[in-house]
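Notes follow once the structure below has been shown.
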Amino acid sequence: MNKRLFASIFFAPAALACAAALAQERARWEPEPALVSAPGAAPPSDAIVLFDGANLDQWMRMEDGEPARWEIADGAATVTPGTGTIRTRQSFGSLQLHLEWRPTDVIDGSGQSRGNSGVFLHSQFEVQILDSWENATYVNGQAGSVYLQHPPLVNASRPPGEWQSYDIIFTAPVFEGGELVAPAYLTVFQNGVLVQNQVELQGATHTPEPEYAAQCIPYNLKGEANRRDCTGEMPLVLQDHGQVVSFRNIWLREL
Ligand code: MG
């Protein structure tokens with residue numbers, strides 16, 4: 001009998017007892033995680049559903065708070081170019097977001113002029129939506145990028161006309177006494193593929209330079225009158241960039 005086998009036979013019970021004692025010492029029984037069901041393709045049971053195909057009642061036009069004017073058909077909301085960027089009525093902090101999007105398969109542009117939209121976390125940080133299938137543009141402006149800050153790790157795009165998904169984990173910035181004490185972070189999966197891995201945001205993506213401001217002007221708004229307190233929860237924004245992009249199955253979980 002070799003030494004190792006001998007040891008495993010004669011000392012295994014003692015080792016197991018030791019491991020059990022260690023587990024008992026470190027094991028925690030509470031708080032017990034809440035029960036959340038996630039049946040198939042449906043949103044998890046604790047999700048806030050922002051669009052289920054029926055209407056855009058949870059949204060309003062960014063510029064004037066009027067009802068969203070995008071077209072609803074076949075369970076999808078489609079940007080009617082020129083009708084305006086939209087935002088949620090509700091505001092949110094850190095969150096897990098799921099949305100599905102589809103650039104039109106009618107190709108009449110290139111680069112940034114092909115299937116351009118975007119989802120703005122906290123009304124300020126754009127995860128770019130673009131038809132990046134065989135469509136070259138600057139890499140920190142293609143689909144899956146944090147606009148002008150972080151290129152995606154890979155190009156996980158599907159051909160135009162096909163539905164794609166984003167699953168986003170957003171950690172909101174933290175301010176104390178009007179000063180930034182922790183920046184925002186983003187993790188993004190495109191079609192189940194990791195494209196942003198807990199990247200630190202340098203600030204708003206729509207300002208001339210990235211910036212954090214306790215009093216900020218959200219995307220698509222202009223002028224000092226639109227400056228507001230951006231230290232708490234903020235609406236989610238979907239961009240009308242003048243191009244035809246459809247959305248469906250939008251939900252989030254507050255973190
Ligand atoms: Mg965009």
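Just to be sure before I move on: is A42 open to solvent by less than 70 Å² (accessible area, probe 1.4 Å), in a helix (DSSP H, G or I) and out of contact with any helix residue (DSSP H, G or I) (no Cβ under 6 Å at 6 or more places or on another chain) in the structure I sent? Please lay out each step first, then the result.
Values: open to solvent by less than 70 Å² (accessible area, probe 1.4 Å): yes; in a helix (DSSP H, G or I): no; out of contact with any helix residue (DSSP H, G or I) (no Cβ under 6 Å at 6 or more places or on another chain): yes.
For A42, the condition - open to solvent by less than 70 Å² (accessible area, probe 1.4 Å), in a helix (DSSP H, G or I) and out of contact with any helix residue (DSSP H, G or I) (no Cβ under 6 Å at 6 or more places or on another chain) - is not met.
If you take the residues in segment 1-60 that are among the aromatic types (F, W, Y) and modelled with pLDDT of 90 or more, which one is nearest to T85 (Cα to Cα)? Steps first, answer last, please.
Of segment 1-60, the ones among the aromatic types (F, W, Y) are 6, 10-11, 29, 51, 59.
Those left that are additionally modelled with pLDDT of 90 or more: 29, 51, 59.
Details: W29: 46, F51: 15, W59: 10 Å.
If we take residues in segment 1-60 being among the aromatic types (F, W, Y) and modelled with pLDDT of 90 or more, then W59 is nearest to T85 (Cα to Cα).
All but one of (1) loosely packed, with under 15 Cβ neighbours inside 10 Å; (2) of a type in the set (F, W, Y); (3) touching a residue at least 60 places away in the same chain (Cβ under 8 Å) hold for Y138; which doesn't?
(3)
Is one or more of the residues making up segment 200-208 touching a residue at least 12 places away in the same chain (Cβ under 8 Å), in contact with an Asp or Glu (Cβ under 9 Å, 6 or more places away or on another chain) and more than 26 Å from G84 (Cα to Cα)?
yes
For residues that are in contact with a strand residue (DSSP E or B) (Cβ under 9 Å, 6 or more places away or on another chain) and more than 12 Å from the ligand (Cβ to nearest atom), tally how many sit in segment 101-124.
Residues meeting the conditions: 6.
Would you please list the contacts, defined by Cβ atoms under 9 Å and residues six or more apart or on different chains, that run from a residue in segment 20-37 that is of a type in the set (A, V, I, L, M, F, W, C) to a residue that is not in a helix (DSSP H, G or I)?
A34/D46; L35/S45; V36/P44; V36/S45; V36/D46; V36/A47; V36/R253
Just to check your reading of the model, which residue among E254, E224 is on the phi < 0 side of the Ramachandran plot, at pLDDT below 95 and charged (D, E, K, R)?
Details: E254 fails: at pLDDT below 95.
Answer to the selection: E224.
Scan segment 212-255 residue by residue and report those that are without any contact (Cβ under 8 Å) to a residue 40 or more places away in the chain and of a type in the set (D, E). Please lay out each step first, then the result.
So in segment 212-255, the residues without any contact (Cβ under 8 Å) to a residue 40 or more places away in the chain come out as 212-215, 217, 222-229.
Within segment 212-255, E224, D229 qualify.
The values are calculated or read from the model by the stated rules, or taken from the named source; none is laboratory data. Keep in mind that this is a model prediction, so the values were computed, not measured. Counting neighbours? That spans all protein chains shown, and the Cβs are built from the backbone with ideal geometry, glycine included. Areas reflect the complete protein model, heavy atoms only, side chains present, ligands, DNA and RNA absent. Shrake-Rupley method; radii C 1.70, N 1.55, O 1.52, S 1.80 Å.
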